[in-house]
Amino acid sequence: MINKLAMNSFSGDQSFKFILLSSAAFILMLVAGIVITLYYYSSLSLSTFGLEFITGSTWDPVSGEYGILPFLIGTLLTSIIALVISFPLSLIITIFIGEYFTTGMPNTLMRGAVELLAGIPSIIYGFWGLFVLVPIVREFQILFDIAPYGVGIFTSAIVLAIMIIPYSASIGYEVIGLVPKELKEAAYSLGATRYEVIKNVTLSYSGSGITAGVLLSFGRALGETMAVTMVIGNSNLLPGSIFGPGNTMASLIANEFTEAANELYLSALFETGLILFIVTAVINILGKIIIKKFVSGTK
Amino acid sequence: MGSKVLKIDGLNVYYDQSHILKDINLSFAENTVTAIMGPSGCGKTTLIRTINRMHEFTHGARTEGSIKLYGKDLHQIDPILVRRKVGMVFQKPNPFPTMSIYDNVIAGYKLNGFKLSKIEKNSIVEGSLVKAALWDEVKDNLYKKGAFLSGGQQQRLCIARALAMNPEILLFDEPTSALDPIATDRIEQLINELKAGLTIVLVTHNIAQAARVSDYTAFLYLGELIEFGTTKKMFTTPKNKKTEEYLNGKFG
Amino acid sequence: MKAGNISYRIVKDKIFKYFIIVAAISSALPLLFILYYIVSNGISAISWGFFFELPKPPGEIGGGISNALIGTIILIVTSSAIAIPPAVLLGIYLSESRNSMVSNLVRNAVEVMQGIPSIVVGILVYAWVVEPSGSFSTLSGAIALAIMMLPIISKSTEETLRMIPHYILEASLALGVPYYKTILRVILPSGLSGILTGIIISISRIAGETAPLLFTAFGNPFINWDITEPSNSLPLLIFNYAGSPYKEWHALAWGASIVLIAIVLLLNIISKIISKKWEVKF
């Protein structure tokens, strides 16, 4: 930051510094306001249910019983399955763009496709999932003699995976782009093949960066609302199988917030939001810290 | 030689805990070129940045002692006014990339919000570019961005920009270290021509350059002023052993 | 590294390369089919009337999405007006301040903001604006979107300004230009293309946001110009009509999807053009 001595000249500098500082204060107040608001509105639910809010498996607005275990499980399941599906695919795209085709037509085309898909709003993925993916899944379920819901945890995990691929691939090729050239050249000069360089140098060197990418993608998946809401089936019971309907915390809020007629109901939904907020904030900061360490390690 | 324009008395500069300049006493005479030389890290750049108070932008900088411009302590004058009286040319040519050559020359006026008539502006631009020996090369391209100029031309544009403010002192911080020998020669000629109108302080690590262009030379070593005198005298009969070793290339 | 059989290693290398190429193309292609599917479904709904008419009741063929289109434009303009000034200032603050306790705290706050699930932004703005004012409104929707834009713009502003070499700043300061004028008249213009690019990208991100609008802008079957009244938007219309049982409304939703994707694409292309054409070389 600029030294005080240099600032005491014209009042313009003082007021400019003041304006900059107030923008910083504004963002701190905003985040504090977010935490306080979520906590304030959750307080009734927090004091009524305590820990049972997380361990309870019944969500019943009629009897006034609120436990979010089904949604916690639904959120984790959809996000983890989505990660498992999307990880190898985005890694392949990452290697394609970041190692084999760093320039030229294939690079432009693949990057263009990735950016195009990243730009499609989640509501449209949900819409497509509802009209295309759900019938396909239903066909398979009939084929394998599973209850043919079509909608459900697995279906939303696929939609989520499709949405995450462009995001994690773009983190991926930025990360492996930071691997020092000298390291790779050293391995080539020892007679390593390209496959060996990718495996033993590029990927092992960028391990922590890729881990961070996975974390950040996970954070994205946890908070994703609309696409999931449209294809998960919105069942408030504990999910019986990953092929059956379920619900996530985000889509619970989306579905029921305008219906919350009494204070406790509203408070329970705010507490769900609070938990979602804390979990995603922790994951995001963790991911960013790992990325930062990785980036400063490459310099 | 003329009267003393700038007098430095008992100057100490610290960055946080480190003592960069130690008890410097030095004065600069009107219409002369004073070279400040010494091995890297000796505090040359810090010394001239203290003169136009640019050092204050470095975090943790602290000074003791006085620097007087025509008898007035610089620390009593607003730093903004100091910088308008004491111009500076940097190591790397740094014209403003978003501005045309014309706008670069009058940038000091424009950015400070001075209102000038078109005629005044034109005369300042032409006058400064002529003084900086750049006019003939750019007069047909005044409204183009400076990016297409060569490094040496860019550096002369920066000199024109500083001259446009009519400074009393012009500080050069190793102005030719990024330039080729021909461009360096032009800048050195220019410094020689310019001293008729103002006082010049030149930081250089190039001993030959100091010998070529300066009237006086100050030799700094590890933050201390080892020797100061006319360039002729110092280069022929240095008083201090350290100076002699440096001039003979024993270290640096 | 094992010495191994050389020809075996070379074969393995070749196989891996072709695997990556085939796998990358075959995972990208189906994704592009999604786009094709949307376009082929929605293109029939699009006509002149589609842009200028209101949706028709179920059972009637035709109708348009003018209410959602105008709503989206008003939401974008209002949220930009709210978010851009503080976001750019915050970006300047972040780029100029390095590694103090406060600046690290602020930097983390921006990270947290960037990670907030959009649905949570929706309920927050409900609590802050909708509940106190007693009604859903365009303004509350715009505030929710502005909260999502803020961290994107300030981070891109910070990154842009950090790329500007220090010697540009010094050149201006050494001319006796005050610090604030240096920032406003030298540094900001040098970073203009990067800052604009960030702003446009943030708009393209929020143009498709639905979740923050569910409990704020809420939706409206009619055109609304009053920011204190509820408003429709393209993503809200898609959400509501996709979930309806009527074929005619599905067609409107597919058409609206094309329009929304086109808007996002167009914004991305504009941002690319700006960052290429206006790039300042140092």
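Taken together, the values in this text are just the output of simple stated rules run on the coordinates, not laboratory data. All values derive from a computational prediction rather than experimental measurement. Using ideal geometry, Cβ is built from the backbone for each residue, glycine included, and neighbour counts are taken over all protein chains shown.
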**Report entry** Alpha carbon Rg of region B:138-252, scaled by the compact-globule rule 2.2 N^0.38 Å
**Finding:** 1.22
Query raised in the report: Hey, got the dipole for region B:111-252? About the Cα centre, +1 on K and R Cβ, -1 on D and E Cβ, debye to the nearest 20?
Result: 200
Requested in this report: Using +1 at the Cβ of each Lys and Arg and -1 at the Cβ of each Asp and Glu in region A:54-297, identify which of A:Asn262, A:Val279, A:Ala147 lies farthest towards the dipole's positive end.
Outcome: A:Val279
Query raised in the report: In the structure shown, do any of A:Lys17/C:Lys276; B:Lys195/B:Lys242; B:Lys85/B:Lys121 have a Cα-Cα gap over 22 Å, and if so which?
Result: A:Lys17/C:Lys276; B:Lys195/B:Lys242
Query raised in the report: Who wins for biggest fluctuation among B:Asn112, B:Asn25, B:Asn166 in a Gaussian network model of chain B, springs between alpha carbons below 10 Å?
Result: B:Asn112
Report summary line: For B:Lys22, counting only aspartates and glutamates whose alpha-carbon sits under 14 Å away and dropping same-chain residues fewer than eight positions off, the answer is B:Asp9, B:Glu64, B:Glu224, B:Glu227
Query raised in the report: Hey, what's the Cα Rg ratio for chain B versus the globular rule of thumb, 2.2 N^0.38 Å?
Result: 1.01
**Report entry** Other protein chain Cβ atoms within 10 Å, averaged over every residue that makes up A:282-289
**Finding:** 3
**Report entry** Expected 222 nm ellipticity per residue - DSSP helices of 4 or more, -39500 (n - 2.57), all of the protein assembly as shown, to 500
**Finding:** -19000 deg cm²/dmol
Query raised in the report: How far apart, in nm, are the 7 Å Cα→Cβ label points at A:Val282 and A:Leu69?
Result: 2.0
Query raised in the report: About its Cα centre, what dipole magnitude does the protein assembly as shown give when the only charges are +1 on Lys and Arg Cβ and -1 on Asp and Glu Cβ, stated in debye to the nearest 20?
Result: 3100
**Report entry** Hull-based mean projected area of region A:1-152, where the convex hull spans the alpha carbons, in square nanometres
**Finding:** 18.7
Report summary line: Of the convex hull enclosing the alpha-carbon atoms of region C:51-277, the direction-averaged projected area in nm² is 14.3
Query raised in the report: What net charge is computed for the residues neighbouring B:Asn192, neighbours being all others with C-beta under 15 Å from the C-beta of B:Asn192, Lys and Arg scored +1, Asp and Glu -1?
Result: +1
Report task. Enumerate the helices in chain C for which the Kyte-Doolittle hydropathy averages -0.5 or more and the C-alpha atoms extend at least 27 Å along the helix's axis, using complete DSSP H runs. Result -> C:6-42, C:66-96, C:138-163, C:247-277
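Take peptide A:151-164, look around each residue's Cβ out to 10 angstrom, count Cβ atoms belonging to other protein chains, and average those counts.
On the way: counts 0, 0, 0, 0, 0, 0, 0, 0, 0, 0, 0, 4, 1, 0.
Going residue by residue through A:151-164 and averaging, the value is 0.
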Report task. Run a plain Debye calculation on region A:54-297 (Cα atoms as equal point scatterers, no solvent) and give log10 I(q)/I(0) at q = 0.17 Å⁻¹, rounded to two decimals, same order as the q list. Result -> -1.20
Query raised in the report: Across the Cα atoms of region A:34-94, what radius of gyration and what greatest pairwise Cα-Cα distance (Dmax) are found, in Å?
Result: 17.0, 50
Report task. Place +1 on the Cβ of every Lys and Arg and -1 on the Cβ of every Asp and Glu in region C:179-255, take the dipole about the Cα centre, and give the residue among C:Ile201, C:Ser244, C:Gly219 whose Cα lies farthest towards its positive end. Result -> C:Ile201
**Report entry** Magnitude of the charge dipole, region A:54-297, Cβ model with Lys/Arg +1 and Asp/Glu -1, debye to 20
**Finding:** 900
Requested in this report: Positive end of the charge dipole of chain B (Lys, Arg +1 and Asp, Glu -1 on Cβ, about the Cα centre): tell me which of B:Gly151, B:Asn52, B:Ala210 has its Cα farthest that way.
Outcome: B:Asn52
Report task. For region B:15-153, evaluate the Debye formula with one uniform point scatterer on each Cα (no solvent term) and list log10 I(q)/I(0) at q = 0.10, 0.17, 0.21 Å⁻¹, rounded to two decimals. Result -> -0.46, -1.12, -1.33
Report summary line: chain A: relative contact order from alpha carbon pairs under 8 Å, six or more residues apart, as a whole percent, is 27
Query raised in the report: Using the alpha carbon gyration tensor of region A:71-159, what are the three equivalent-ellipsoid semi-axes (square root of 5 times each eigenvalue), largest first, in whole Å?
Result: 30, 15, 13
Query raised in the report: Picking from B:Asp185, B:Asp140, B:Asp103, which is most flexible by a Gaussian network model of chain B using Cα springs under 10 Å?
Result: B:Asp140
Query raised in the report: Which residue, A:Tyr100, A:Tyr195, A:Tyr167, tops the fluctuation ranking in a GNM of chain A built on C-alpha contacts under 10 Å?
Result: A:Tyr195
Requested in this report: Using only the Cα atoms of the protein assembly as shown, each taken as one equal point scatterer with no solvent, compute I(q) by the Debye sum, divide by I(0), and report log10 of the ratio at q = 0.04, 0.05 Å⁻¹.
Outcome: -0.25, -0.38
Report task. With an 8 Å cut-off on Cα pairs and a minimum separation of 6 or more residues, tell me the relative contact order of chain B in percent. Result -> 28
Query - Globularity ratio of region C:102-213, using Cα Rg and 2.2 N^0.38 Å - result: 1.34
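Rg/Rh for region A:114-235: what does it come to with C-alpha atoms and Rh from Kirkwood?
1.16
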Requested in this report: Write down the Å³ per residue value for the convex hull defined by the alpha carbon atoms of region C:1-148.
Outcome: 255
Report summary line: Over all viewing directions the Cα convex hull of region C:6-45 casts an average projected area in nm² of 2.4
